[in-house]
Amino acid sequence: MKRINIYTMVLGLAIAALTLTACSDEWDDHYATGNNVEGMLNTSLWDAIQKDGNLSNFASVVKATGYDKSLASSQVFTVFAPTNDCFSAEEAQALIQAYNAEKGKVNDENNTTIKEFIQNHIALFNHSVSASKNDSIVMMNGKHAVLTSSTIGNSRLLTTNQHYSNGVLFTVGNQMEFFPNVFEYIRKNPELDSLRSFFYNSRFYRSEFQPYLSVPGGIVDGRTVYLDSVFRQENDLFTFTKANLNSEDSTYLMVAPTNKIWRELLEEYTPYFNYEDNVKDRDSLVYTNPRLAIVQGTTFSRTFNSDAELNDSACSTSCYRNYNQRRSWWGADSLHYYEYYSPLAPNGVMHGTTNVECSNGTMMIADQWNFDKKETFFQVRIIEAERGNAIRELSKARNTSTQKEEETITPLIRYVTTDNAFYNQVSNHAFVEFYPLVDTRNHHVTFNITNVLSNIGYDIYLVTAPALANDSNANEQQRLPTVLRCALSYHDQSGKTVENELQSSVTTNPDVVDAILLAENFKFPVASYGLNEEEPQVTLQVETRVTPTQYRNRTHTRTMRIDCIVLKPHVE
């Protein structure tokens with residue numbers, strides 16, 4: 001039988017037991033089978049439950065779900081059993097029917113009856129009460145509950161500390177309330193069915209067997225057979241959104257789109273993630289990325305978003321709060337994607353939501369969407385010329401002496417010092433000077449451009465740097481302009497390369513950081529967003545077009561100084 005145990009608690013307590021040897025007696029009392037407990041009955045929990053006529057309804061659900069085998073085993077549990085006075089035969093039958101309806105369709109740990117009823121009334125190991133202290137315990141479904149001398153959570157204890165060979169039995173006067181966390185609530189609200197189908201999709205959400213936490217029962221045919229198999233829930237979307245929404249030890253806010261909003265956003269966003277026909281796993285990318293574009297930036301850790309802080313701004317789990325990280329990931333420390341100002345104000349990302357409290361935070365249900373895609377996934381792309389993977393190729397010519405193809409220019413990284421007037425103007429405080437090795441010809445450099453979206457407008461800029469940015473004493477000859485031709489190369493739907501000349505002849509402004517507009521509202525037919533490309537499908541070739549007369553008269557140079565390439569979302 002598959003079921004999920006509280007593996008983190010087991011590991012933590014096991015470590016504590018090994019390091020705090022002075023507490024070993026207390027550990028044994030709490031987690032051993034209880035053979036030395038005074039008044040212990042030499043029978044199992046299951047025997048006790050099935051023989052108690054006032055627990056017959058609870059027993060019927062335990063048996064129907066297969067948990068009678070666990071409660072009869074050597075593994076140690078504490079059971080909080082609701083009596084027939086508060087748990088009727090009709091309610092028991094309804095839970096059994098619900099269990100059977102889901103059986104085989106979902107994993108046992110996601111079966112509603114098991115997770116919300118059975119595991120909500122059972123904890124691992126021995127737990128007893130006393131009048132002198134309260135105890136916070138973890139139920140098998142991961143829910144935290146406070147155990148006092150008279151209550152467990154919101155339920156009244158009727159009988160306490162009944163010790164049996166494999167644990168402790170309590171009876172309670174009302175069923176223990178199941179309080180869903182944010183992740184679990186997604187399943188429970190029909191208005192969030194679209195969100196649920198994404199987060200609970202088997203391509204992301206799965207159970208992984210934990211052999212080191214499971215109970216081995218022997219070797220059969222050379223393989224270990226387990227009496228109790230422990231599984232851990234894994235969800236890749238928690239990694240993508242940087243929010244473990246299933247954790248009971250964290251607190252989150254999540255803005256969740258209703259089905260209507262989800263459908264509208266999906267219709268709008270899907271064309272932005274149109275990949276060429278021969279891209280590996282194309283169907284998976286077309287399915288996943290538009291949906292990720294909706295949910296990334298919608299979860300907020302309360303660690304960084306107190307009530308007071310939300311009056312000013314909200315930092316989602318997808319944002320980078322560190323300026324160096326922003327520069328590394330997005331190209332500039334001034335960019336602040338997935339961070340939103342005045343989230344509670346009219347038109348703010350959290351304004352107008354219907355809020356539902358969960359065990360680990362708040363679900364904020366939105367039937368209007370105030371997230372701007374230019375603050376989330378539709379980002380400025382900055383390709384720094386000095387980055388190691390930015391340059392694809394340099395122009396070459398045949399050396400008449402060696403008969404070998406040799407590069408005609410050499411790239412030299414130039415850094416802008418803090419005392420230079422251009423320090424805060426040159427992107428990332430560095431640029432590349434492409435110095436000619438051959439005087440008699442023009443030269444070109446080809447840059448890789450990655451992570452572009454399809455069918456969405458970009459304004460494309462080439463940013464050049466002045467010689468003065470590296471040398472404040474640069475002479476007149478070093479400060480000459482150059483003439484450039486710029487051509488964009490990209491793929492069509494079939495993967496065929498398309499060439500597009502953006503500028504045939506443009507003269508640089510030599511003494512300023514010059515942002516040259518190459519194309520306005522340009523739309524790529526296919527996306528490369530999220531692809532790990534050895535040879536990016538989008539490139540920009542920059543070529544000098546200085547005439548022999550211009551070069552001979554020393555009015556222009558064939559040296560290029562390139563700061564970066566910028567693809568900026570177009571604004572009408």
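The values are calculated or read from the model by the stated rules, or taken from the named source; none is laboratory data. All values reported here derive from a predicted model rather than from experimental measurement. When we count neighbours, we look across all protein chains shown, and the Cβ atoms used for this are built from the backbone with ideal geometry, even at glycine. The protein model used for the area step is the full one, side chains on, heavy atoms only, and it has no ligands, DNA or RNA in it. Shrake-Rupley method; radii C 1.70, N 1.55, O 1.52, S 1.80 Å.
As a check on your grasp of the helix formula, calculate [θ] at 222 nm for the chain: sum -39500 (n - 2.57) over DSSP H runs of n ≥ 4, divide by the residue count, round to the nearest 500.
Values: 14 runs with 118 residues, N = 572.
The helix contribution divided over the chain gives -5500 deg cm²/dmol.
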Check your understanding: When Lys and Arg each count +1 and Asp and Glu each count -1, what net charge do the other residues less than 11 Å away from residue 442, Cβ to Cβ, add up to?
Key -> +2
Check your understanding: Can you pull the accessible area of residue 504 for me, 1.4 Å probe, Å² to the nearest 10?
Key -> 60 Å²
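Treating only the Cβ atoms of Lys and Arg (+1) and Asp and Glu (-1) as charged, compute the dipole magnitude of segment 249-407 about its Cα centre; round to the nearest 20 debye. Kindly include the intermediate steps, with their values, before the conclusion.
Values: 17 positive and 23 negative charges, 74 e Å.
The calculation lands at about 360 debye.
Would you list 115, 69, 374, 260 from the most to the least accessible area, probe 1.4 Å? Before the final figure, lay out each step's value.
Working: 115 15, 69 145, 374 75, 260 115 Å².
Ranking 115, 69, 374, 260 by accessible area, largest first, yields 69, 260, 374, 115.
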Check your understanding: Percent relative contact order of segment 305-368, based on C-alpha pairs within less than 8 angstrom and at least six residues apart?
Key -> 25 percent
Check your understanding: Rolling a 1.4 angstrom probe over the protein heavy atoms, how many square angstrom per residue are accessible across segment 257-329?
Key -> 50 Å²
Review point. Separation between the residue 89 and residue 455 pseudo-spin-labels, each 7 Å from Cα along Cα→Cβ, expressed in nm?
Key: 6.0 nm
Point to revise | the chain, relative contact order [Cα under 8 Å, separation at least 6], % | key: 11 percent
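So between residue 555 and residue 410, what do we pick up on full extension, going 0.36 nm a residue minus the alpha carbon distance?
Details: separation 145, 0.36 × 145 = 52.20 nm, distance 2.20 nm.
Taking 0.36 nm per residue and subtracting the Cα distance, the gain is 50.0 nm.
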Check your understanding: Between residue 503 and residues 5 or more places away or on another chain, which pairs have amide H atoms under 5 Å apart, with H built 1.01 Å from N, and which residues are they?
Key -> 486
Point to revise | Partner lysines for residue 374 [C-alpha distance under 24 Å; skip if fewer than 8 residues away on the same chain] | key: 242, 260, 523, 568
Study note, to complete from the structure: For residue 396, counting only lysines whose alpha-carbon sits under 18 Å away and dropping same-chain residues fewer than eight positions off, the answer is 404
Revision key, fill the gap. Counting sequence-distant residues (5 or more places) and residues on other chains, those with an amide H built under 5 Å from that of residue 412 are 433, 434, 435
Review point. Stretch residue 306-residue 42 to full length: gain in nm at 0.36 nm per residue minus the Cα-Cα span?
Key: 89.9 nm
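Which order, highest average first, do 72-85, 509-522 follow once you tally other Cβ atoms within 10 Å for each residue and take the mean per peptide?
On the way: 72-85: 19.9, 509-522: 16.6.
Final packing ranking: 72-85, 509-522.
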**Study point:** Surface/4 of the Cα convex hull for the chain, nm²
**Key:** 37.3 nm²
Study note, to complete from the structure: Pairs over 28 Å Cα to Cα, from 69/105; 69/103; 51/188, come to 51/188
Revision key, fill the gap. The correct ranking of 435, 164 by accessible area at 1.4 Å, largest first, is 435, 164
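Which of the peptides 179-185, 238-244 is most tightly packed, and how do the rest follow, judged by the mean count of other Cβ atoms within 10 Å per residue? Before the final figure, lay out the partial values.
Values: 179-185: 22.7, 238-244: 18.3.
Those peptides, ordered most packed to least, come out 179-185, 238-244.
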